[in-house]
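*Asks:* Below is one structure. I have some questions about it.
What follows is calculated from the coordinates using simple rules that are stated; it is not laboratory data. These figures come from a predicted structure and were not determined experimentally. Using ideal geometry, Cβ is built from the backbone for each residue, glycine included, and neighbour counts are taken over all protein chains shown.
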Amino acid sequence: MIKIRNLNKTYNLGQPNALHVLKGIDLDVKAGEFLSIMGASGSGKSTLLNVIGILDNYDSGKYILDHTLVKNLSETASAELRNRKVGFIFQSFNLISYKNAMENVALPLYYNGVARKKRNAMAMEYLEKLGLGEHANHLPSELSGGQKQRVAIARALISRPSIILADEPTGALDTTTSREVMELMREVNKSEGITMLIVTHEGAVARATNRLIYLRDGIIEKDEVNANPVIEF
Ligand code: ADP
Ligand code: MG
């Protein structure tokens, strides 16, 4: 479902301070995979994730998502494709502070034109699935870090995307909560069959996934199957 060939990206292309961040990336991801991209800070993980999530452009090469070539799309076309295909989970949760848990989860459906009553009912369903039914009316400030990340996972799931992209999803969580969130993501991948790509600099997070890709200075150094995924926090 993802096919990337010889993809390059440079920040400030053509300027004296140009920074070549992605240097000829080749990557194939099949539907239903649970995989991670591991690498030191500054290796280009977030840049690659943003390209895959159609949040950012690239300079050369090819990126195909579900048979669609993602290249030189207009703002509107990128947004439309992104809303339909991609769910995001961020280290900092990115919840809207003045909206309650239910409204935050329902947001992607608002962008997809679903009527309020229906989107709120669906949001409740997902919150209940993730064990947060009783927190539906709480604002983000009234939730713990783990609860906030569960709301974000529900929000990522609700539009039934082809892929969920998680950028350092446990980066702001303590060990116990990190373990819970990783278990939940694994469970969601299994039960919903949604492809899940996690970017992390933490070995323990990567070792919980079924495939590990090592990114170093914008180059894929290693790409291996993890026959024995463990959650070892
Ligand atoms: P990682 O997520 O692995 O820490 P990033 O993809 O965020 O790495 O960053 C890779 C490199 O690109 C870093 O040197 C970073 O400073 C630089 N960079 C990231 N975003 C931008 C930007 N918008 N403009 C210029 N340089 C950037
Ligand atoms: Mg990053």
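*Asks:* Taking H placed 1.01 Å from N in the peptide plane, check which residues at least 5 places from Val70 or on another chain put their amide H under 5 Å from its amide H.
*Replies:* For Val70, the qualifying residues are Tyr63, Ile64, Leu65.
*Asks:* Still on this structure, I have one more. Using alpha carbons only, how many angstrom separate the centre of the stretch 1-23 from the centre of the stretch 197-233?
*Replies:* Using only Cα atoms, the two centres lie 22 Å from each other.
*Asks:* Mean separation of Cα pairs under 8 Å and 6+ residues apart, divided by the residue count of the stretch 1-106: what relative contact order is that in percent?
*Replies:* It rounds to 27 percent for the stretch 1-106.
*Asks:* In a Gaussian network model over the chain where Cα atoms closer than 10 Å are linked, find which of Asn17, Asn210, Asn120 has the largest mean-square fluctuation.
*Replies:* Asn17
*Asks:* Let me ask something else. Under 16 Å Cα-Cα from Lys9, which aspartates and glutamates qualify once same-chain neighbours fewer than 8 residues away are excluded?
*Replies:* Asp26, Asp56, Asp59, Asp217
*Asks:* Can you work out the Karplus-derived ³J(HN,Hα) for every residue in the stretch 103-118? Use 6.51 cos²θ - 1.76 cosθ + 1.60 with θ = phi - 60°, whole Hz, and x for glycine or proline.
*Replies:* Working through the residues one at a time gives 5, 5, 5, 6, 3, x, 6, 4, 5, 8, x, 7, 5, 3, 4, 5 Hz.
*Asks:* State which entries of Lys30/Lys118; Lys3/Lys45; Lys85/Lys190 exceed 26 angstrom in Cα-Cα distance in the structure shown.
*Replies:* Lys30/Lys118
*Asks:* Suppose every Lys and Arg Cβ carries +1 and every Asp and Glu Cβ carries -1, with no other charges. What dipole size does the stretch 1-103 come out with about its Cα centre, to the nearest 20 debye?
*Replies:* The calculated dipole for the stretch 1-103 is roughly 140 debye.
*Asks:* Then there's this: With only Lys, Arg, Asp and Glu charged, each at its Cβ (+1 for the first two, -1 for the last two), find how big the charge dipole of the stretch 61-196 is about the Cα centre; round to the nearest 20 debye.
*Replies:* 500
*Asks:* If the cut-off is 20 Å between C-alpha atoms, which aspartates and glutamates fall inside it for Lys99, apart from same-chain ones fewer than 8 positions away?
*Replies:* Cα-Cα hits under 20 Å: Glu125, Glu128, Glu134, Glu142.
*Asks:* Given Leu139, Ala115, Ile64, which one lies farthest toward the positive end of the charge dipole of the stretch 57-170, if we put +1 on the Cβ of every Lys and Arg and -1 on the Cβ of every Asp and Glu?
*Replies:* The residue sitting most towards the positive pole is Ala115.
*Asks:* What distance in nm lies between label points placed 7 Å from Cα along the C-beta direction at Glu80 and Glu202?
*Replies:* 3.9
*Asks:* Now, a different point. Hey, what did the chain get for relative contact order, percent, Cα under 8 Å, at least 6 apart?
*Replies:* Relative contact order here is 27 percent.
*Asks:* What percent does the relative contact order of the stretch 98-213 come to when contacts are Cα pairs within less than 8 Å and at least six residues apart?
*Replies:* 25
*Asks:* Only Lys, Arg, Asp and Glu count, each charged at its Cβ (+1, +1, -1, -1), so figure out the dipole size of the chain about its Cα centre, rounded to 20 debye.
*Replies:* 640
*Asks:* On full extension of the chain, what length is gained from Lys3 through Lys23, given 0.36 nm per residue of separation minus the C-alpha to C-alpha distance?
*Replies:* Roughly 5.6 nm would be gained on extension.
*Asks:* Using θ = phi - 60° and the Karplus curve 6.51 cos²θ - 1.76 cosθ + 1.60, what whole-Hz ³J(HN,Hα) does each residue of the stretch 129-141 get, with Gly and Pro shown as x?
*Replies:* 4, 9, x, 10, x, 7, 9, 4, 8, 7, 7, x, 5
*Asks:* Give me the extension gain from Lys117 to Leu69: residue separation times 0.36 nm, minus the current Cα-Cα distance, reported in nm with one decimal.
*Replies:* Using 0.36 nm per residue and subtracting the Cα-Cα distance, I get 13.8 nm.
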